[in-house]
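*Asks:* Sending over a structure as structure tokens; questions will come in a sec.
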Amino acid sequence: MTDGLASPVIAIDGPSASGKGTVAVLVAQSLGFHYLDSGAIYRVTAYAAQGVGVALEDEPALAALARQLQLRFDGGEVFLDGKPVGDAIRSEEAGRAASRIAALPALRLALLERQRAFRLPPGLVSDGRDMGSVVFPDATLKVFLTASAEERAQRRYKQLIEKGLGANLAALLQDLKERDARDVARSAAPLQQTVDAVLLDTTSLNIQQAVQQVLDWWCVCKPGKPA
Ligand code: DC
């Protein structure tokens, strides 16, 4: 659907806890673009399912629920039926539940148009697993943002400790590896670096360096740049 009129998209995909969300938010702020946290949509869908007693394996019921969800994103907060869900969708358990339902093709299809609706002028930065491969295949810039599993576990550990929550580094690492394996191995829109995506390994980069790299790439490929 590259019609030349659609707003530009920067698609940032990568594994759990790679920092892609933080980078995507800062890039969006810097460019004045909209931001889509697609993982939050999977997380809140799993949360809503658990709230109404729909089993996380019940693909038709989950897809039907996903189509009806009353969701609103505002200032980094997610509202379900008008109520903020807060940190309830940010736990490791919520991430695991999201990863489980994310393997179901009918559920993914049910969430597709909801994600595409975020593509508004002047542009969108979206982060997830299949932003560049499925949701916005015509994205102007596709970034595959990753870091070693050990570094990602360390970052998640630090985040949880800073929030005053308990955390166990070895368990976090194990959990991340299991989630990566599930997200990569599933047949529906698996996590992968597409051939047209640039690799950004942030293992030894700080957030500012990672943001700057994406902005530099954007300067080179943005629409309207003189040849
Ligand atoms: O990015 P995150 O950790 O908030 O995502 C939670 C889960 O949702 C992740 O383990 C896989 C799934 N997900 C997905 O399958 N596709 C996306 N575009 C975003 C997330």
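*Asks:* Quick check for me: using +1 on Lys/Arg Cβ and -1 on Asp/Glu Cβ, what's the dipole size of the chain about its Cα centre, in debye to the nearest 20?
*Replies:* Details: 25 positive and 26 negative charges, 31 e Å.
The dipole of the chain has a size of about 160 debye.
*Asks:* Another question, then. What order, most packed first, do the peptides 169-175, 60-66, 70-76 have when packing is the mean number of other Cβ atoms within 10 Å of each residue?
*Replies:* Numbers: 169-175: 15.0, 60-66: 18.3, 70-76: 10.7.
Ranked by mean Cβ neighbours within 10 Å, highest first: 60-66, 169-175, 70-76.
*Asks:* Calculate what fraction, in whole %, of the accessible area of the chain sits on carbon and sulfur atoms when a 1.4 Å probe is rolled over the protein chains.
*Replies:* 56
*Asks:* Find which of 106, 206, 169 sits farthest along the positive direction of the dipole of the chain, computed with +1 on the beta-carbon of Lys and Arg, -1 on that of Asp and Glu, about the Cα centre.
*Replies:* Towards the positive end, the residue furthest out is 206.
*Asks:* Also, quick follow-up: Can you give the percent of C-alpha pairs in segment 122-166 whose distance is more than 16 Å? Write out the running numbers ahead of the final one.
*Replies:* On the way: 550 of 990 pairs.
Within segment 122-166, distances greater than 16 Å cover 56 percent of Cα pairs.
*Asks:* Calculate the radius of gyration of the Cα atoms of segment 25-113 to one decimal place, then report Dmax, the largest Cα-Cα distance, as a whole number, both in Å.
*Replies:* 13.2, 41
*Asks:* Hey, what's the chain come to in accessible area per residue, 1.4 Å probe, Å²?
*Replies:* Values: 11060 Å² over 227 residues.
About 49 Å² of surface per residue is accessible.
*Asks:* For all pairs of alpha-carbon atoms in segment 135-208, what percent lies in each bin of width 10 Å, listed from the first bin to the last filled one?
*Replies:* Histogram of Cα-Cα distances, whole percents per bin: 17, 38, 34, 11, 0.
*Asks:* If you don't mind, another one. On each of the three principal axes of the Cα atoms of the chain, give max minus min coordinate, whole Å, ordered largest first.
*Replies:* Taking the Cα atoms of the chain, the three principal extents are 55, 37, 33 Å.
*Asks:* Separate question: In this model, which of 20/177; 83/163; 83/142 are farther than 25 Å apart at the alpha-carbon?
*Replies:* Details: 20/177 17 Å; 83/163 22 Å; 83/142 33 Å.
Table pairs above 25 Å Cα-Cα are 83/142.
The values are calculated or read from the model by the stated rules, or taken from the named source; none is laboratory data. A quick note: this is a predicted structure, and the numbers were derived from the prediction, not measured. Glycine gets a Cβ as well: all are built from the backbone with ideal geometry, and neighbour counts include every protein chain shown. Please note that ligands, DNA and RNA were not included when accessible areas were found on the heavy atoms of the full protein model with its side chains. Shrake-Rupley method; radii C 1.70, N 1.55, O 1.52, S 1.80 Å.
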